[in-house]
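Visitor: A single structure is presented below for examination.
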Amino acid sequence: RARGTETSGAGPRRAAPPAARRIDTMMLDTPSEPPSPTLLLSESGVDARAMYESVLAAAEEGDPTAQQQLGVMFHRGATPSDNSGEADHVQAALWFSRAAEAGLASAQCNLGLLHLLGHGVAQDDRLAASWLSRAAAAGVAPAQNHYGRLLQEGRGVRRDPELAASFFEKAAKQGDYDAMVN
């Protein structure tokens, strides 16, 4: 992967650190999470507002799976609350945090990735590594891959290429393509 600068309509910007690349497309694709709300809506014709209100009610009652799903909805801009279609990373981080603190491994992975990128929360490699390590220990393949990258680069943790390789291997055995090429 090439290093350097990337450009966008706003002018040149520094390229993302290697461990942060492709995270947005990798986030929330863990097998342990509920299906995408946008997929559910398009396939079933379910009323978006009713679905959102149902998930919100369960999340507010403390259901970690609903909290994770609500985080997914905010992350993907799939909430009918403002109809903008724009991601709300602050709200995503809030709900992922509640589910992560309750021990839901996929939410721990997602919260770690938000900290790695600084989306909705302060960018913090140590917090990212902490959350990703918990999810990796629980067997979440994307977390194993991303935690391996942090170990490989010494971001937020002591650099440990051997331990990184073991996490890449675990994730690759579960079919994580990025881990297969690390």
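The values are calculated or read from the model by the stated rules, or taken from the named source; none is laboratory data. These numbers come from a predicted model, not from an experiment. Here the Cβ positions follow ideal geometry from the backbone for every residue, glycine too, while neighbour counts run over all protein chains shown. SASA here: full protein model, heavy atoms, side chains in, ligands and nucleic acids out. Shrake-Rupley method; radii C 1.70, N 1.55, O 1.52, S 1.80 Å.
Visitor: Within the stretch 131-140, does at least one residue satisfy the condition of being more than 26 Å from Pro64 (Cβ to Cβ) and touching a residue at least 60 places away in the same chain (Cβ under 8 Å)?
Guide: Within the stretch 131-140, none of the residues are more than 26 Å from Pro64 (Cβ to Cβ) and touching a residue at least 60 places away in the same chain (Cβ under 8 Å).
Visitor: Residues Leu116, Leu104: which one is touching a residue at least 40 places away in the same chain (Cβ under 8 Å) and touching a Pro at 6+ places or on another chain (Cβ under 6 Å)?
Guide: None of the other options fit; the residue is Leu104.
Visitor: With respect to Leu127, is the statement that it is more than 30 Å from Ala48 (Cα to Cα) and open to solvent by less than 10 Å² (accessible area, probe 1.4 Å) true?
Guide: Spelling it out, it is not the case that Leu127 is more than 30 Å from Ala48 (Cα to Cα) and open to solvent by less than 10 Å² (accessible area, probe 1.4 Å).
Visitor: Can you list residue pairs whose Cβ atoms sit under 9 Å apart, with the first residue in the stretch 53-74 being closer than 20 Å to Gly120 by Cα and without any contact (Cβ under 8 Å) to a residue 24 or more places away in the chain and the second being of a type in the set (S, T, N, Q) and open to solvent by less than 30 Å² (accessible area, probe 1.4 Å)? Count only pairs 6 or more apart in sequence or on different chains.
Guide: Hits for this filter: Leu56/Thr79; Glu60/Gln67.
Visitor: Among the helices (runs of 4 or more DSSP H) contained in the stretch 73-177, which hold 2 or more residues that are closer than 23 Å to Gly62 by Cα and in contact with a Leu (Cβ under 8 Å, 6 or more places away or on another chain)?
Guide: Numbers: elements: 89-101, 105-117, 125-137, 141-153, 161-173.
Ranges flagged: 89-101, 105-117, 125-137.
Visitor: Which residues, counting only those in the stretch 75-105, are farther than 23 Å from His146 by Cα and crowded, with 18+ Cβ neighbours inside 10 Å?
Guide: Ala78, Thr79, listed by residue number.
Visitor: Let me ask something else. Quick one: in the stretch 40-66, of everything that is within 28 Å of Glu101 (Cβ to Cβ) and acidic (Asp, Glu), which residue is modelled with the lowest pLDDT?
Guide: Glu53
Visitor: For the stretch 141-164, which residues satisfy the criterion of being open to solvent by 50 Å² or more (accessible area, probe 1.4 Å) and either in contact (Cβ under 8 Å) with a residue 12 or more places away in the chain or of a type in the set (Ser, Thr, Tyr) (or both)?
Guide: The answer is Gln152, Glu153, Leu163.
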